[in-house]
Amino acid sequence: MLARGQRMRSGDDFRHTIRRGAKGAQPTLVAHVLMGTSVPGTGGPTSVGFVVSKAVGSAVDRNRVKRQLRHLMRDRVDALPSGSRVVVRALPAAHDAGSTTLAEHLDAALARAGAR
């Protein structure tokens with residue numbers, strides 16, 4: 001589970017990160033990363049938000065995918081610069097993907113978005 005201070009809750013934070021952040025797309029998810037140097041008022045903790053639409057499946061399926069992604073991001077948050085913002089958007093293909101596939105796609109998406 002992510003710490004309370006690392007969870008993105010504000011809709012404005014989600015919108016700003018998706019619009020201004022670098023995007024890394026994979027078959028099961030898309031990661032939007034706004035590095036700490038481009039976030040006003042940096043220096044705080046890295047915050048992470050998740051978007052899992054109804055296209056992924058039923059509420060049970062969406063919550064399962066969100067729990068898997070939250071668990072995977074918990075191990076990766078420390079690798080990001082302090083004050084960064086990340087939004088992970090699950091695509092419908094995430095419904096059938098296993099944890100190892102999601103982990104590989106998350107790593108690739110974060111690397112791609114961080115390289116820009």
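Taken together, the values in this text are just the output of simple stated rules run on the coordinates, not laboratory data. None of these values were measured; they are calculated from a predicted model. FYI the Cβ positions are ideal-geometry reconstructions off the backbone, even for glycines, and counts take in every protein chain you see.
Among the residues of segment 76-96, are any touching a His at 6+ places or on another chain (Cβ under 6 Å) and part of a strand (DSSP E or B)? Yes; the residues of segment 76-96 include at least one that is touching a His at 6+ places or on another chain (Cβ under 6 Å) and part of a strand (DSSP E or B).
Can you tell me which residue within segment 97-116, out of those that are of a type in the set (Gly, Ala, Ser) and outside any helix (DSSP H, G or I), is nearest to residue 28 (Cα to Cα)?
97
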